[in-house]
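The structure appears right after this line, and notes come after that.
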Amino acid sequence: MKSIIKTTETFYHNLGKLFYAVAFADKTVRKEEVETLREYVKKHWLSYDDLKDVFDSDAAHLIEIVFEGVQAFEETSKDMLDAFVSYKNQQPHLFTEKVNQLIIETSKAIAYSYAGINKSELVIISQLEIELNRH
């Protein structure tokens, strides 16, 4: 699914934090969640557009890089979700129906990857779906 919309590195940075927020909603990030994220980046996000980062690598890899380093930000899952929603509201043209579906699909896959979805993950995904469905 190649996007005709020009994304930015900030777009992928925000996705990395969002997906970490989903995984960290229950205060623990499991290796299965990390593996699922990597799988989704490889299968779906790398082909989303042709944006390159400063190292001439596919910018979608920033999702994984941020996900793996986000503990340093010392933010709660709610803070990260709120930051993502703020970014989405500032850049609504980036959030097409297709990208919103892929964001939800990736989030749910991460949540389900370890022993199914729990209440904390369900809450954050529900809030995310509400925000992505707003116009």
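The values are calculated or read from the model by the stated rules, or taken from the named source; none is laboratory data. This one's a predicted model, so the numbers in the text were calculated from it and none came from an experiment. Cβ placement follows ideal geometry from the backbone for every residue including glycine, while neighbour counts extend to all protein chains displayed. Surface areas here come from the heavy atoms of the whole protein model, side chains and all, with no ligands, DNA or RNA. Shrake-Rupley method; radii C 1.70, N 1.55, O 1.52, S 1.80 Å.
Evaluating V85 against the criteria (1) at pLDDT below 95; (2) touching an Asp or Glu at 6+ places or on another chain (Cβ under 6 Å) leaves one unmet condition, (1). Inspection of the range 43-55 identifies at least one residue that is surrounded by fewer than 22 Cβ atoms within 10 Å (Cβ to Cβ), farther than 22 Å from F95 by Cα and at pLDDT below 90.
Inside the range 11-40, residues that are at pLDDT 95 or above and of a type in the set (V, I, T) make up a count of 3. Would you check if F73 is open to solvent by less than 10 Å² (accessible area, probe 1.4 Å), under 24 Å from V123 (Cβ atoms) and in contact (Cβ under 8 Å) with a residue 12 or more places away in the chain? Against the criterion (open to solvent by less than 10 Å² (accessible area, probe 1.4 Å), under 24 Å from V123 (Cβ atoms) and in contact (Cβ under 8 Å) with a residue 12 or more places away in the chain), F73 does not qualify. Condition first: of a type outside the set (V, I, T), more than 21 Å from T7 (Cβ to Cβ) and free of Cβ contacts under 8 Å to residues at least 60 places away in the same chain. Can you find one or more residues in the range 94-111 that meet it? Yes. For L62, are the conditions met, namely being touching a Phe, Trp or Tyr at 6+ places or on another chain (Cβ under 8 Å), at pLDDT 95 or above and either within 14 Å of A109 (Cα to Cα) or surrounded by 14 or more Cβ atoms within 10 Å (Cβ to Cβ) (or both)? No; evaluated as a whole, the condition is false for this residue. Only residues that are over 18 Å from F95 (Cα atoms), in a helix (DSSP H, G or I) and open to solvent by less than 60 Å² (accessible area, probe 1.4 Å) were counted across the range 7-31, and they come to 7. For the range 85-129, the set of residues classified as open to solvent by 30 Å² or more (accessible area, probe 1.4 Å), in a helix (DSSP H, G or I) and aliphatic (A, V, I, L, M) consists of L122, V123, listed by residue number.
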